[in-house]
Amino acid sequence: MLALNLWHLQVMICVWAGNCKDEMTCVKEEIFGPVMSVLEFDTEDEVIERANNTNLGLAAGVFTRDVTRAHRMAAALEAGTCFINNYNVSPVEIPFGGYKMSGSYQFRFSEKN
């Protein structure tokens with residue numbers, strides 16, 4: 001029998017910043033845990049192209065002071081859900097779907113794939 005002592009559950013939050021590369025596993029795959037990969041960029045177009053260059057697309061997040069930019073970016077990102085200035089704050093009861101190979105295709109569908 002497996003006994004779990006949840007009073008001593010340890011959670012490690014991992015943020016990869018500064019030296020992330022597009023080909024790294026923590027960047028290109030969906031990691032279900034408290035992981036954030038931070039990559040530098042020069043233009044919005046570059047960000048959109050790099051973010052959409054994947055077979056996956058469960059969720060995305062945009063952090064900016066410019067609400068117009070946030071909405072423009074959210075519309076261009078191929079993700080089932082796009083959070084703006086927060087991440088993963090939806091109640092678990094809300095249905096969600098992914099994009100491409102993430103989820104069930106039922107909410108958004110990419111004609112590119």
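Laboratory data are not the source of any read-out in this text; all were calculated from the coordinates shown. What you are looking at is a predicted structure, and each value in this text was computed from that prediction instead of being measured. Cβ coordinates were reconstructed from backbone atoms using ideal geometry, including for glycine residues, and neighbour counts include every protein chain displayed.
Which of the three applies to region 34-77, rounded, prolate or oblate, going by the alpha-carbon gyration tensor with a ≥ b ≥ c and a/c under 1.5 meaning rounded?
It comes out rounded by the Cα gyration axes.
Of all trypsin sites (Lys or Arg not before Pro) in region 32-74, which ones are in loop regions per DSSP and have a Cβ with at most 11 other Cβ atoms within 10 Å?
R65
At 0.36 nm per residue, minus the direct Cα-Cα distance, what do C26 and V92 gain on full extension? Give it in nm, one decimal, please.
Full extension from C26 to V92 adds 21.4 nm.
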